[in-house]
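Chemist: Encoded as structure tokens, here's the structure I'll be asking about.
The values are calculated or read from the model by the stated rules, or taken from the named source; none is laboratory data. In this text, all values refer to a predicted model and were calculated from it rather than measured experimentally. Glycine also receives a Cβ, built like all others from the backbone with ideal geometry; neighbour counts cover every protein chain displayed.
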Amino acid sequence: MSDLLGIGKTGLFTSKKSMETTGHNISNVNTEGYSRQRANQTTERSIVQSGLVKGTGSRIVSVGRIHDDFIEKRLNKELNSTEFLKERSGKLEQIESIFNEVDTEGLNTLLNKFFNSFKELSGQPENETMKMVVRDNAKIVIRDFQRIQTTLTNTRKSIDQNFKTKIADANSLINNIAHLNKEIVRIEQLGGESGDLRDGRDKSIRELSKIFEIHTYVDNRNNFAVAAKGVGTLVVAGEKTDLVAGPATKDIATNGIDGSFEIFYKDRPGFPITNRFQGGQITSLIKVRNEDIQNISEKINNLAYDFAKIVNSIHSKGYVSRKIETDPSGNALPYDKIGKTTGINFFQEPIRGQDTIEHLSLSEEVLDDPTNICVGLTPNASGDNRVALAISKIQHEKLLNGGTTTIEEEYLHTVSQLGLEAAKSNFDLEQAEGILAQTNNIRERISGVSLDEETANMMRYQHAYAASAKVMKVAEEMFETILSIKR
Amino acid sequence: MTRVSENSSSASLQFSINKAKKKMEDLQVKGTTLKKIIKPSDDPMANFQGLQAQSVNKDNTQYLRNIGYALSQLNTTESTLEQLAELLVKAKEIAIQQSSDFYGGNIRKNVSHEIIQIRNQALALANKRLGNRYIFSGYKTLDTPFDKEGNYKGDFGHIQLEIAKDFFIPINVHGQEVFFTDNNIKYPPHPLKEFNEFHPSENPPIPSENKDELKNQTPLPARELASVTDDTSRDPFITKNNIFSQLTTLISALENNNTIATQDLLEKIDESISRIITMRTRLGSLVNTVLHTQLQIDTENVENQDFQSKLMDADVAELFSDITKQQHILQTAYQTGKGLMNKSLLNFLS
């Protein structure tokens, strides 16, 4: 009879434990990264008594979390590629907005204005006021070139700052994983339940996957390890390697710009590992900074160089409009007491390279006095408009890249290319987000808490608990019956 | 059976609502700007073409302005030539009258004063200005082209203007060709011929014939007439017609009562008159060309605007039907969300 009480007691315990687990699940229904847990119940060891096998009730073997390692890894991978695209789309959209000129005046419109003011000047070459207009338009073009360059530089610098915060995030995640590794081992050695800690570690790994691609494994000594793909192991059990992001000198910087931020192992400064990361936000930032921005900046600088160079080469052939003295044989003197009469540059001689725009400005002569803007090809001929005509034609002549593209085409190609890149990454992002949502859904379907299910379980365990209690009560009544015989 | 958990259903609801809302937002921006393309990535190719069309439009506006300049210059020149022809006709009439022996020497002397006046008037016409520029002084538009003796001080420049893409027309005739002789009139070379920069792949520069070919692609009447004058086979020294010297000779012939010299002059004056009339015809056809081009540009502008609008402007009807559709999708998402999120087993137990 006493075993009957015992059996009832095990029933109470298992139901109570199961109910606890259900409660834990319900209270964690909105905990991010939580995997539902289940109390695994089994029969208590049976005994043989006088030739009969007798059950002795039930017990809880373990509380396990419902979890699929494969889905978890896939989720990490999807997160990684989605974050890569998200970061890329965001940054490209920022850069793209520099070139938005559908409803505002962008460089193309301003260049057009500049060339058209030369057309206007060719219609009234004697008009000195028109030359001021030309000069002002040139100034605006220069300013717009500089606006583009400055915004590109600023975007690059803000990416450097992003590096810093991303690496700081990565470090704290690495730290967290190493710490959890130690905790999990400790608790499991004591025979405790490590489900919640494992959930925590999975969450950190997921966060780390957003920053760069990683893979996780358990090594032969049963240590849990995290490695960044292309870089190397970052965490083994409780041991970790820290990363730092900081300014690098020109010779080791991956984009060749002095002071650019690079990523290093904390204990090995001087050896950047920036380029070795794969996927995730970091790689996305590197790609935008080292390829897209670099590429556009180079193209815009080259465009500015060619533009200034061609305008100069034509402008310097012309003569200023003031009275120019001639030598006895009738040739115009290249200098008079005011200054040069021909060979005047419109822009200051441009420098090739990434600093073209920074140093782009009008030549001193033109800046001093707009009458130094040359319109004619012959001296002392105020109506000669051939220089103005020729300069106005630059925009639509195929002068760039060995005579294959015009200035306008070159500029618009650059913008289109950027637009295509941005459109592509937006499209890819939309797709990746779809896949990510799906994968997330699969994970949630497997590991997520369903309140309906828990409610049903709750009732089930409650009934079981009540029934077990009833068993005990019956057992007690049976005791009463037996004891009452004696009276 | 697929298990549905609390988070999976809320996540999928969130995802679909988010997606619908994002589309709504895009449509809203398009609705307020009425533009299909807000940023280059919306449609890189249309952005490219649209901006090019925008440039063409702006260029055309400029060409229309240039056409204005060309027309005022050409019209002034033409009317000046008309007046000049009238003067010469008058001088010729007088010369015819006086070439017979009907009139006596005294009368001829008096009549010579009239020719002096004609000569002065011709000189005034030769120094005619439009605004502050002399119309007959070639490139030297701010210098007086003729001195009192009728010597030409200008140069032989033909000022050209671009009145449509790659279409240049000369807008002036210089004093030499009007008042002296037509032998050295040449159709001006392409204005870009002087600049090696425009022929980066080929050095020396493309010969002007090639450029002419390019110009001939736009068949316009002025081209033929202009090329007729491009006749340099005649020796420039044989016919040296100088209106001022003709008039001066006439004056002295009349003063000296020399009827033979007066008769000799008749033919030369006739030549001058016919030359000026030819020149007027040429200018007239240039004006026609310019007016024709103006019309062309106007039509092109309309077509261009249309093209640009097709590329960049949102189709309002389509846009608003899209917005309505999207609104329905969003509403449905909310409705189903309501059904999904508010119901749980707990509602039915108690």
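Chemist: Could you please let me know if residue A:462 is crowded, with 21+ Cβ neighbours inside 10 Å, in a helix (DSSP H, G or I) and more than 7 Å from chain B (Cβ to nearest Cβ)?
Modeler: no
Chemist: Mind listing just one residue for me: the one in the range A:441-453 that is surrounded by 21 or more Cβ atoms within 10 Å (Cβ to Cβ) and part of a helix (DSSP H, G or I) and, of those, nearest to the other protein chains (Cβ to nearest Cβ)?
Modeler: In this case the residue turns out to be A:444.
Chemist: Could you say whether any residue in the range B:293-312 is touching a helix residue (DSSP H, G or I) at 6+ places or on another chain (Cβ under 8 Å), over 30 Å from residue B:43 (Cα atoms) and either free of Cβ contacts under 8 Å to residues at least 40 places away in the same chain or among the hydroxyl-bearing types (Ser, Thr, Tyr) (or both)?
Modeler: Yes: the range B:293-312 contains one or more residues that are touching a helix residue (DSSP H, G or I) at 6+ places or on another chain (Cβ under 8 Å), over 30 Å from residue B:43 (Cα atoms) and either free of Cβ contacts under 8 Å to residues at least 40 places away in the same chain or among the hydroxyl-bearing types (Ser, Thr, Tyr) (or both).
Chemist: Here's something else I'd like to know. Would you confirm whether or not the range A:398-405 contains a residue that is among the β-branched types (Val, Ile, Thr), surrounded by fewer than 20 Cβ atoms within 10 Å (Cβ to Cβ) and within 30 Å of residue A:343 (Cα to Cα)?
Modeler: Within the range A:398-405 (the criterion being among the β-branched types (Val, Ile, Thr), surrounded by fewer than 20 Cβ atoms within 10 Å (Cβ to Cβ) and within 30 Å of residue A:343 (Cα to Cα)), the answer is yes, since at least one residue qualifies.
A quick yes/no check of all residues on (1) modelled with pLDDT under 90; (2) over 19 Å from the mean Cα position of the chain (by Cα); (3) acidic (Asp, Glu); (4) within 19 Å of residue A:67 (Cα to Cα):
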site: A:170; (1), (2), (3), (4): no, no, no, no
site: A:173; (1), (2), (3), (4): no, no, no, no
site: A:181; (1), (2), (3), (4): no, yes, no, yes
site: A:194; (1), (2), (3), (4): yes, yes, no, yes
site: A:199; (1), (2), (3), (4): no, yes, yes, yes
site: A:202; (1), (2), (3), (4): no, yes, yes, yes
site: A:206; (1), (2), (3), (4): no, no, no, yes
site: A:214; (1), (2), (3), (4): no, no, no, no
site: A:219; (1), (2), (3), (4): yes, yes, yes, no
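Chemist: Is one or more of the residues making up the range A:413-424 in a helix (DSSP H, G or I) and more than 9 Å from every other protein chain (Cβ to nearest Cβ)?
Modeler: Checked the range A:413-424: at least one residue is in a helix (DSSP H, G or I) and more than 9 Å from every other protein chain (Cβ to nearest Cβ).
Chemist: Given (1) among the acidic types (Asp, Glu); (2) in the same structural domain as residue B:265 (by TED's automatic domain parsing); (3) within 36 Å of the chain's Cα centre (by Cα), where does residue B:114 come up short, assuming only one miss?
Modeler: (3)
Chemist: Same structure again: Is one or more of the residues making up the range A:306-317 in a loop (DSSP other than H, G, I, E, B) and either more than 13 Å from chain B (Cβ to nearest Cβ) or within 14 Å of residue A:375 (Cα to Cα) (or both)?
Modeler: Looking for residues that are in a loop (DSSP other than H, G, I, E, B) and either more than 13 Å from chain B (Cβ to nearest Cβ) or within 14 Å of residue A:375 (Cα to Cα) (or both), one finds at least one in the range A:306-317, hence yes.
Chemist: For the range A:133-178, name all the residues that are of a type in the set (D, E, K, R) and under 20 Å from residue A:117 (Cβ atoms).
Modeler: The answer is A:135, A:136, A:139, A:143, A:144, A:147.
Chemist: Residue check: is residue A:109 under 18 Å from residue A:419 (Cβ atoms), β-branched (Val, Ile, Thr) and within 14 Å of chain B (Cβ to nearest Cβ)?
Modeler: yes
Chemist: Quick check on my filter: what residues within the range A:168-179 are more than 18 Å from residue A:237 (Cβ to Cβ) and crowded, with 21+ Cβ neighbours inside 10 Å?
Modeler: A:170
Chemist: Collect the residues in the range A:366-387 that are away from chain B (no Cβ under 14 Å) and surrounded by fewer than 22 Cβ atoms within 10 Å (Cβ to Cβ), keeping them in residue-number order.
Modeler: The answer is A:367, A:368, A:369, A:370.
Chemist: While we're on this one: Can you pull out the residues in the range A:104-132 that are in a loop (DSSP other than H, G, I, E, B), among the acidic types (Asp, Glu) and either in contact with a strand residue (DSSP E or B) (Cβ under 7 Å, 6 or more places away or on another chain) or under 23 Å from residue B:172 (Cα atoms) (or both)?
Modeler: Hit for the range A:104-132 is A:126, nothing else.
Chemist: Let me ask something else about it. In this structure, does residue A:326 turn out to be over 44 Å from the mean Cα position of the chain (by Cα) and more than 10 Å from chain B (Cβ to nearest Cβ)?
Modeler: Yes; evaluated as a whole, the condition is true for this residue.
Chemist: Being among the acidic types (Asp, Glu), under 29 Å from residue A:159 (Cβ atoms) and touching a residue at least 24 places away in the same chain (Cβ under 8 Å) narrows it down to one residue among A:83, A:72, A:128; which is it?
Modeler: A:83 is the lone residue from the list that is among the acidic types (Asp, Glu), under 29 Å from residue A:159 (Cβ atoms) and touching a residue at least 24 places away in the same chain (Cβ under 8 Å).
Chemist: Among the residues of the range A:185-224, write down those that are buried (at least 19 other Cβ atoms within 10 Å of the Cβ), under 15 Å from residue A:236 (Cα atoms) and in contact with a Phe, Trp or Tyr (Cβ under 9 Å, 6 or more places away or on another chain).
Modeler: Result: A:201, A:216, A:224.
Chemist: While we're on this one: Could you go through the range B:43-63 and let me know if any residue there is within 7 Å of another protein chain (Cβ to nearest Cβ), closer than 30 Å to residue A:36 by Cβ and free of Cβ contacts under 8 Å to residues at least 24 places away in the same chain.
Modeler: So far as the range B:43-63 goes, no, none of its residues is within 7 Å of another protein chain (Cβ to nearest Cβ), closer than 30 Å to residue A:36 by Cβ and free of Cβ contacts under 8 Å to residues at least 24 places away in the same chain.
Chemist: Here's another thing I want to ask about it. Within the range A:292-320, can you find the residues that are out of contact with any helix residue (DSSP H, G or I) (no Cβ under 6 Å at 6 or more places or on another chain) and farther than 16 Å from residue A:145 by Cβ?
Modeler: Within the range A:292-320, A:292, A:294, A:295, A:315, A:316, A:317, A:319 meet the criteria.
Chemist: Also, I was wondering about something else. Filter the range A:325-341 down to residues that are within 21 Å of residue A:363 (Cα to Cα), touching a residue at least 24 places away in the same chain (Cβ under 8 Å) and out of contact with any Phe, Trp or Tyr (no Cβ under 8 Å at 6 or more places or on another chain), then give me how many there are.
Modeler: 2
Chemist: Which condition does residue A:412 not pass, out of (1) surrounded by 14 or more Cβ atoms within 10 Å (Cβ to Cβ); (2) on the phi > 0 side of the Ramachandran plot; (3) not charged (D, E, K, R), if it passes all the others?
Modeler: (2)
Chemist: Right, next: Before we move on, is residue B:74 assigned to a helix (DSSP H, G or I), away from chain A (no Cβ under 11 Å) and either touching a Ser or Thr at 6+ places or on another chain (Cβ under 8 Å) or within 30 Å of residue B:312 (Cα to Cα) (or both)?
Modeler: no
Chemist: Would the range A:346-361 turn up any residue that is surrounded by 16 or more Cβ atoms within 10 Å (Cβ to Cβ), of a type in the set (Ser, Thr, Tyr) and at pLDDT 85 or above?
Modeler: yes
Chemist: Also, I was wondering about something else. Given A:96, A:83, A:72, which one is buried (at least 18 other Cβ atoms within 10 Å of the Cβ), of a type in the set (D, E, K, R), part of a helix (DSSP H, G or I) and within 14 Å of chain B (Cβ to nearest Cβ)?
Modeler: The conditions single out A:96.
Chemist: Restricting to the range B:114-164, what's the tally of residues that are buried (at least 16 other Cβ atoms within 10 Å of the Cβ), at the interface with chain A (Cβ under 8 Å from one of its Cβ atoms) and not in a strand (DSSP E or B)?
Modeler: Result for the range B:114-164: 10.
Quick grid of which residues meet (1) within 30 Å of residue A:260 (Cα to Cα); (2) in contact with a helix residue (DSSP H, G or I) (Cβ under 7 Å, 6 or more places away or on another chain):
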{"residue": "A:87", "(1), (2)": "yes, yes"}
{"residue": "A:90", "(1), (2)": "yes, no"}
{"residue": "A:95", "(1), (2)": "yes, yes"}
{"residue": "A:99", "(1), (2)": "yes, yes"}
{"residue": "A:105", "(1), (2)": "no, no"}
{"residue": "A:113", "(1), (2)": "no, yes"}
{"residue": "A:120", "(1), (2)": "no, yes"}
{"residue": "A:125", "(1), (2)": "no, yes"}
{"residue": "A:135", "(1), (2)": "no, yes"}
